Amino acid sequence: AQSVAQPEDQVNVAEGNPLTVKCTYSVSGNPYLFWYVQYPNRGLQFLLKYITGDNLVKGSYGFEAEFNKSQTSFHLKKPSALVSDSALYFCAVRGPNTGFQKLVFGTGTRLLVSP
Amino acid sequence: DGGITQSPKYLFRKEGQNVTLSCEQNLNHDAMYWYRQDPGQGLRLIYYSQIVNDFQKGDIAEGYSVSREKKESFPLTVTSAQKNPTAFYLCASSMWPPEATDTQYFGPGTRLTVL
């Protein structure tokens, strides 16, 4: 069964500094990986996904994520954080098999960007 | 949140009452999902539906029921049998049949509180 771990409950970063939100996964076969962002009392917004190909995936709002197969990681990154990036971030994974595959979510990491 | 609407935004229920949460999508997606979000636990799948008049239990279906009479609509009923219904409920949709790469898109959510 697939699983996702987000080891940090909260990440604090100053505005203008680079940010990293960590995600590691476990799945049989090639993984399909997703990042979502959630603002207070809102639904999840899709940021980016890794399917195949380049290990560096670019997404919305200047975010990118790096897929590392040997470390089974898919960390979310941004070169320069904004206060408006403060939100709850979820990593999710799905296995490669055909048919219905549940999307498994991590427990979320709260990002706090200070002015 | 675009394309998926959920209502109401906030819902209060007395113990012993059934309540129904609405979810509508105009993305022409075949598949729809209901998740429950609790603090620190990520998202857990309640029910999903692949096509009209068909639906399947997810990980935490007990105390919930759904219907899928129209492609656009997937209402969730929280019954009195659900012992701890206070949570944030999220509806999502995606293409079907599900390529593992398909993205799920989320509605804005309904916050249910039991009084």
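The values are calculated or read from the model by the stated rules, or taken from the named source; none is laboratory data. It should be emphasised that the depicted structure is a prediction, and the values quoted were computed from it without experimental measurement. All Cβ positions, glycine included, derive from the backbone under ideal geometry; neighbour counts span all protein chains shown. Quick note on the areas: whole protein, heavy atoms, side chains included, nothing else; ligands and nucleic acids left out. Shrake-Rupley method; radii C 1.70, N 1.55, O 1.52, S 1.80 Å.
Quantify how strongly other chains surround peptide B:62-69 by giving the mean number of their Cβ atoms within 10 Å of each of its Cβ atoms. Could the numbers behind the result be given before it?
Numbers: counts 0, 0, 0, 0, 0, 0, 0, 0.
Across B:62-69, the average partner-chain Cβ count within 10 Å equals 0.
Per residue, the accessible area of the protein assembly as shown comes to 46 Å² when a 1.4 Å probe rolls over the protein heavy atoms.
Peptide B:103-113 is shielded by partner chain Cβ atoms: per residue, an average of 4 of them sit within 10 Å of its Cβ.
Computed log10 I(q)/I(0) for the stretch B:1-77 at 0.14, 0.15, 0.17 Å⁻¹: -0.47, -0.54, -0.69, from the Debye equation with unit scatterers placed on every C-alpha and solvent omitted. Heavy atoms of chains A and B lose about 2000 Å² of accessible surface on contact, summed over both sides with a 1.4 Å probe.
Show me the ranking of peptides B:46-59, B:11-24 by mean Cβ neighbours inside 10 Å, starting with the highest. Let's see the in-between values first.
On the way: B:46-59: 16.6, B:11-24: 14.9.
Top to bottom by mean Cβ count within 10 Å: B:46-59, B:11-24.
Each Lys and Arg contributes +1 and each Asp and Glu -1, all at the Cβ; summed about the Cα centre of the stretch A:55-115, the dipole is approximately 140 debye.
Residue by residue, the stretch A:4-15 carries 3J(HN,Hα) couplings of 9, 10, 10, x, 10, 5, 9, 10, 10, 8, 7, 4 Hz when phi is fed to the Karplus relation 6.51 cos²θ - 1.76 cosθ + 1.60 (θ = phi - 60°); x denotes Gly or Pro. Stretching residue A:17 away from residue A:66 to a fully extended chain increases their span by 15.8 nm, per 0.36 nm per residue minus the current alpha-carbon distance. For chain B, the carbon plus sulfur part of the accessible surface works out to 48%, probe radius 1.4 Å.
So what is the diffusion coefficient of the protein assembly as shown in µm² per second by Stokes-Einstein at 4 °C and 1.567 mPa s, using a Kirkwood Rh over Cα pairs? Let's see the in-between values first.
Numbers: Rh = 18.1 Å.
Rounded to a whole number, D works out at 71 µm²/s.
How long are the three semi-axes of the equivalent ellipsoid of chain A, in whole Å, if each is the root of 5 times an eigenvalue of the C-alpha gyration tensor, listed from largest down? List each step's numbers first, then the result.
Working: eigenvalues 116, 42, 29 Å².
Output for chain A: semi-axes of 24, 15, 12 Å.
Charges were assigned to the Cβ only: +1 to each Lys and Arg, -1 to each Asp and Glu. The resulting dipole of chain B about its Cα centre is roughly 460 debye.
The alpha-carbon atoms of the stretch B:41-115, seen along their principal axes, cover 40, 26, 20 angstrom, with the largest extent given first.
Of all aspartates and glutamates in the structure, those lying under 20 Å Cα to Cα from residue A:49, and not within fewer than 8 positions of it along the same chain, are A:64, A:66, A:85, B:1, B:99, B:102.
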